[in-house]
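Q: Have a look at the structure that comes next, please.
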Number of protein chains: 2
Amino acid sequence: MTLIVQKYGGTSMGSPERIRNVAKRVARWKAQGHQMVVVVSAMSGETNRLIALAKDVSPVPDDRELDVVISTGEQVTIALLAMALKDLGLKAKSYTGSQVRILTDSSFTKARILDIDGASLQRDLDDDTVVIVAGFQGVDEQGNITTLGRGGSDTTGVALAAALNADECQIYTDVDGVYTTDPRIVPEARKLERITFEEMLEMASLGSKVLQIRSVEFAGKYKVKLRVLSSFEEEGQETLGTLITFEDDVKMEQPIISGIAFNRDEAKLTVLGVPDRPGIAYQILGPIADANIDVDMIIQNVGHDGSTDFSFTVNRGEFSRALKILDEQVKPHVGARAVIGDNKICKVSAVGVGMRSHPGIASRMFRTLAEEGINIQMISTSEIKVSVVVDEKYLELAVRVLHKAFDLDQVLA
Amino acid sequence: MTLIVQKYGGTSMGSPERIRNVAKRVARWKAQGHQMVVVVSAMSGETNRLIALAKDVSPVPDDRELDVVISTGEQVTIALLAMALKDLGLKAKSYTGSQVRILTDSSFTKARILDIDGASLQRDLDDDTVVIVAGFQGVDEQGNITTLGRGGSDTTGVALAAALNADECQIYTDVDGVYTTDPRIVPEARKLERITFEEMLEMASLGSKVLQIRSVEFAGKYKVKLRVLSSFEEEGQETLGTLITFEDDVKMEQPIISGIAFNRDEAKLTVLGVPDRPGIAYQILGPIADANIDVDMIIQNVGHDGSTDFSFTVNRGEFSRALKILDEQVKPHVGARAVIGDNKICKVSAVGVGMRSHPGIASRMFRTLAEEGINIQMISTSEIKVSVVVDEKYLELAVRVLHKAFDLDQVLA
């Protein structure tokens with residue numbers, strides 16, 4: 001007998017009718033003889049509604065108490081799904097994070113899971129009961145309610161799959177899998193049957209927002225087989241989505257590049273004429289980090305004449321704050337010549353584990369872009385990806401030509 | 001140092017602004033040096049919204065799961081109030097029923113409190129923290145979430161006051177106390193400074209719906225001092241409401257009658273020509289009870305010629321159902337002559353512990369009504385009340401003349 005953990009997001013749980021549809025889908029899997037654990041998010045919009053309510057009472061709500069409020073969103077949906085399953089004649093039982101005992105640390109609103117006691121769930125599963133668990137929430141050592149932060153429900157699903165030794169963790173979303181790139185930009189984009197965890201991590205962090213990156217890391221760490229599927233496919237028309245798997249499983253025929261990821265939401269900042277001395281990176285990025293601004297790409301070129309230029313990218317929403325910090329605090333302090341910025345840029349990346357054993361990927365990428373007259377402003381590489389920053393207006397063109405250059409529109413033999 | 005338990009209902013918690021007002025009120029009490037436990041209901045309308053949502057998913061929702069859903073209403077308000085109190089600079093901490101450990105039986109949607117572990121609350125109180133507890137909910141031995149049924153928040157307040165040995169349990173509502181009768185009918189109605197538990201029980205069950213009768217019973221059993229106050233009185237204008245006290249405390253100057261209660265919502269049924277033999281009351285009321293219809297007054301007069309008439313009252317909404325049962329099941333079975341009914345009646349009662357030592361209350365009541373030409377259809381008496389059933393059209397007149405006849409409009413010396 002196989003044990004499957006399924007996770008349904010807020011859109012899948014967005015109305016009574018959709019909840020009944022989820023129940024039918026779960027019932028079909030159960031009828032195939034699987035043991036079923038179902039993790040659910042709050043109804044779409046509900047978490048935001050609860051946060052707004054809290055802020056109406058207290059502009060900066062206390063974190064412990066905010067978690068008490070927002071954890072109610074999933075508490076409602078677990079019970080609604082359990083009701084719907086019982087109406088279909090199944091045994092079903094809802095569990096809050098605290099009832100399972102999903103033990104977390106005490107970092108309210110962004111807690112980390114420390115341990116899961118699967119004993120009582122296992123008893124229910126052995127008794128043929130569908131177990132429904134609230135995503136996104138846990139409980140700390142002192143019994144306080146905690147939440148895991150945005151997208152925490154995916155993490156709950158993966159953590160439960162790990163704790164219960166599930167055969168597979170299925171993440172149901174409103175897309176039917178992971179694509180070679182965004183089909184709205186490249187109609188020829190193909191759904192990937194499988195993708196490695198490392199590629200998925202790069203794809204997710206690069207803006208292909210199918211899965212929360214934290215849950216993918218978690219799945220990789222605990223070797224949980226993860227599958228992305230659509231919760232909107234009709235009965236009888238369901239596809240198998242995309243399996244996120246371990247590199248060892250990947251066959252030799254794996255294409256070199258798995259996908260083209262991109263992120264529109266970027267801005268770049270450059271500190272010009274920085275003295276080329278030890279500690280300068282920290283002096284520039286320290287104040288940025290202190291202001292809680294996340295930095296993405298960081299580039300420092302070889303200096304000449306004792307000075308160098310230092311560039312980095314941030315989320316576009318943080319652009320003016322970051323610029324102000326550089327101008328007012330960093331520039332006078334480090335004795336830089338000038339600070340410039342551009343918030344009309346984007347990042348485009350080619351991702352694939354295959355590039356490890358295939359040199360020349362980066363150069364093929366640069367040539368492809370050059371042939372279209374697209375100027376590359378920044379370059380950053382890792383083991384399995386090459387990212388470039390280009391003018392925002394070239395985003396769609398860059399994605400399309402790269403998708404074609406790496407044969408991603410070709411179905412594999 | 002005194003320990004005070006306050007309970008705020010859904011109207012008092014009905015909006016962010018009102019929640020901040022409750023916080024200010026709690027802070028004023030705290031500033032006077034009291035230890036404070038605050039029990040809250042869900043925002044007004046929220047429990048009904050959640051029930052409707054559940055019924056949208058499942059027409060007859062599973063009771064266990066329904067409790068999981070509706071208990072979220074109070075989980076939201078405890079945290080909102082805690083936030084608001086922290087914003088005022090106080091230490092505050094919210095507790096769900098499960099976090100306190102308000103242990104109940106497993107009768108979902110109508111659970112009974114078995115035990116309260118006050119230890120962790122007491123530690124918080126000793127640490128100068130305002131403790132906020134979700135009303136209406138608890139947890140059973142197996143860790144399932146339970147709710148106490150409508151009005152359960154009052155019961156939570158009283159039970160906590162008993163468990164923590166509180167000096168007083170204050171129930172904040174939208175009225176400022178218990179009146180001698182409804183001021184909308186008798187403008188001269190006075191607020192009572194005190195009323196005994198027994199009188200309050202009679203007043204509550206007779207239609208003066210200030211407090212849930214269950215919580216009053218509970219308070220009487222555990223000798224908890226209960227006070228009804230208004231949560232809408234402005235700072236500096238607050239009154240002391242009505243204290244519900246034990247008979248032993250009542251001074252000799254206590255008036256004979258404390259109030260005139262009434263209930264519009266009644267209907268009477270009479271089975272005529274019933275054979276006067278043992279077991280007949282059960283044969284008549286058994287089928288009514290089996291249909292889950294609550295019976296209020298029951299009157300059977302001395303028989304003559306071997307037969308008698310048997311009358312009782314029910315809630316008006318159950319009138320036609322009860323009539324049908326009597327006609328179709330009871331009449332042929334017991335061999336009664338006829339069944340008649342009237343759903344245009346009301347009940348008016350004079351309540352007061354003083355009548356125990358003052359004979360003649362009933363006759364003064366009957367004379368007063370007779371002088372106004374009001375015909376009495378049924379009479380029922382207890383130790384501390386006399387109730388009459390009269391035509392509904394006389395309700396206001398009867399209440400007014402009785403209120404005056406017993407000098408309830410006179411302020412006591």
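The values are calculated or read from the model by the stated rules, or taken from the named source; none is laboratory data. Just so we're clear, the structure is a prediction, and the values are computed from it rather than from any experiment. Note: ideal-geometry Cβ built from the backbone for every residue, glycine included; neighbour counts use all protein chains shown. Surface areas here come from the heavy atoms of the whole protein model, side chains and all, with no ligands, DNA or RNA. Shrake-Rupley method; radii C 1.70, N 1.55, O 1.52, S 1.80 Å.
Q: If you go through the stretch A:299-318, how many residues are in a loop (DSSP other than H, G, I, E, B) and in contact (Cβ under 8 Å) with a residue 24 or more places away in the chain?
A: 2
Q: Assuming B:Arg20 fulfils every condition listed in (1) in a helix (DSSP H, G or I); (2) closer than 30 Å to A:Val131 by Cβ; (3) open to solvent by 40 Å² or more (accessible area, probe 1.4 Å) apart from one, which condition is it?
A: (2)
Q: Looking at the stretch A:76-88, which of its residues are more than 7 Å from every other protein chain (Cβ to nearest Cβ), farther than 11 Å from A:Ala42 by Cβ and within 27 Å of the chain's Cα centre (by Cα)?
A: If the condition is that a residue be more than 7 Å from every other protein chain (Cβ to nearest Cβ), farther than 11 Å from A:Ala42 by Cβ and within 27 Å of the chain's Cα centre (by Cα), then A:Leu81 is the only one that fits.
Q: For the stretch A:37-46, check the following and say yes or no: at least one residue is of a type outside the set (Lys, Arg), in a helix (DSSP H, G or I) and open to solvent by 10 Å² or more (accessible area, probe 1.4 Å). So that I can check it myself, show each step before the final result.
A: Our first condition is that a residue be of a type outside the set (Lys, Arg); within the stretch A:37-46, this holds for A:37-46.
Okay, now just the ones that are also in a helix (DSSP H, G or I), so A:46.
Filter again for open to solvent by 10 Å² or more (accessible area, probe 1.4 Å), leaving A:46.
For the stretch A:37-46, residues of a type outside the set (Lys, Arg), in a helix (DSSP H, G or I) and open to solvent by 10 Å² or more (accessible area, probe 1.4 Å): present.
Q: Among what's in the stretch A:96-116 and is outside any loop (DSSP other than H, G, I, E, B) and under 23 Å from the mean Cα position of the chain (by Cα), pick the residue that is nearest to the other protein chains (Cβ to nearest Cβ).
A: A:Gly97
Q: Considering only residues that are more than 12 Å from chain B (Cβ to nearest Cβ) and in contact with a helix residue (DSSP H, G or I) (Cβ under 8 Å, 6 or more places away or on another chain), which ones fall in the stretch A:40-63?
A: Within the stretch A:40-63, A:Val40, A:Ser41, A:Thr47 qualify.
Q: Given the options B:Val353, B:Val348, B:Val389, name the one that is closer than 30 Å to B:Pro278 by Cβ and not acidic (Asp, Glu).
A: Exactly one of B:Val353, B:Val348, B:Val389 is closer than 30 Å to B:Pro278 by Cβ and not acidic (Asp, Glu), namely B:Val389.
Q: Additional query: Taking the criterion of being more than 28 Å from A:Leu397 (Cα to Cα) and either open to solvent by less than 50 Å² (accessible area, probe 1.4 Å) or touching a residue at least 40 places away in the same chain (Cβ under 8 Å) (or both), would at least one residue in the stretch A:205-214 satisfy it?
A: Within the stretch A:205-214 (the criterion being more than 28 Å from A:Leu397 (Cα to Cα) and either open to solvent by less than 50 Å² (accessible area, probe 1.4 Å) or touching a residue at least 40 places away in the same chain (Cβ under 8 Å) (or both)), the answer is yes, since at least one residue qualifies.
Q: For the stretch B:96-125: of the residues being of a type in the set (D, E, K, R) and over 26 Å from B:Arg214 (Cα atoms), which is least open to solvent (accessible area, probe 1.4 Å)?
A: So, considering only residues that are of a type in the set (D, E, K, R) and over 26 Å from B:Arg214 (Cα atoms), the one least open to solvent (accessible area, probe 1.4 Å) is B:Asp124.
Q: Could you say which residue among A:Ala204, A:Ala189 is touching a Pro at 6+ places or on another chain (Cβ under 7 Å) and outside the structural domain of A:Ile116 (by TED's automatic domain parsing)?
A: Matching residue, one of A:Ala204, A:Ala189: A:Ala189.
Q: Looking at the stretch B:1-17, which of its residues are without any contact (Cβ under 8 Å) to a residue 40 or more places away in the chain and over 17 Å from B:Gln170 (Cα atoms)?
A: B:Gly14, B:Ser15, B:Glu17, listed by residue number.
Q: Among the residues of the stretch A:261-298, count how many are in contact with a Lys or Arg (Cβ under 9 Å, 6 or more places away or on another chain), assigned to a strand (DSSP E or B) and either small (Gly, Ala, Ser) or open to solvent by less than 50 Å² (accessible area, probe 1.4 Å) (or both).
A: 10
Q: Scan the stretch A:69-95 for residues that are open to solvent by less than 10 Å² (accessible area, probe 1.4 Å), out of contact with any Ser or Thr (no Cβ under 7 Å at 6 or more places or on another chain) and either part of a loop (DSSP other than H, G, I, E, B) or not assigned by TED's automatic domain parsing to the domain that holds A:Ile19 (or both) and jot them down.
A: none
Residues are listed down the side, and each one gets a yes or a no for (1) outside the structural domain of A:Ser94 (by TED's automatic domain parsing); (2) out of contact with any Phe, Trp or Tyr (no Cβ under 7 Å at 6 or more places or on another chain); (3) of a type in the set (S, T, N, Q):
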site	(1), (2), (3)
A:Thr11	no, yes, yes
A:Ser15	no, yes, yes
A:Arg18	no, yes, no
A:Asn21	no, yes, yes
A:Lys24	no, yes, no
A:Arg28	no, yes, no
A:Ala31	no, yes, no
A:Met36	no, no, no
A:Val40	no, no, no
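Q: Let me ask something else about it. Which of the numbered conditions does B:Gly73 fail, given that it passes all the others? Conditions: (1) more than 12 Å from chain A (Cβ to nearest Cβ); (2) within 22 Å of the chain's Cα centre (by Cα); (3) touching a residue at least 24 places away in the same chain (Cβ under 8 Å).
A: (1)
Q: Here are some conditions: (1) in contact with a strand residue (DSSP E or B) (Cβ under 7 Å, 6 or more places away or on another chain); (2) open to solvent by less than 30 Å² (accessible area, probe 1.4 Å). B:Gly149 meets all but one. Which one does it not meet?
A: Single failed check for B:Gly149: (1).
Q: Search the stretch A:165-178 for residues being hydrophobic (A, V, I, L, M, F, W, C) and modelled with pLDDT under 95, and hand back the single one that is nearest to A:Gln122 (Cα to Cα).
A: A:Ile171
Q: Return yes or no: is B:Val60 buried (at least 24 other Cβ atoms within 10 Å of the Cβ) and among the β-branched types (Val, Ile, Thr)?
A: It is false that B:Val60 is buried (at least 24 other Cβ atoms within 10 Å of the Cβ) and among the β-branched types (Val, Ile, Thr).
Q: In addition: Just name the residue that is nearest to A:Val295 (Cα to Cα) out of those in the stretch A:323-343 that are of a type in the set (D, E, K, R) and out of contact with any strand residue (DSSP E or B) (no Cβ under 9 Å at 6 or more places or on another chain).
A: To start, the set of residues in the stretch A:323-343 that are of a type in the set (D, E, K, R) comprises A:324, A:327-328, A:331, A:337, A:342.
Of the ones still in play, those that are also out of contact with any strand residue (DSSP E or B) (no Cβ under 9 Å at 6 or more places or on another chain) are A:324, A:328.
Details: A:Lys324: 15, A:Glu328: 18 Å.
So the residue we want is A:Lys324.
Q: Residues to consider are A:Asn315, A:Asn301; find the one that is open to solvent by 70 Å² or more (accessible area, probe 1.4 Å) and modelled with pLDDT under 90.
A: Working: A:Asn315 fails: modelled with pLDDT under 90.
Just one listed residue meets the conditions, A:Asn301.
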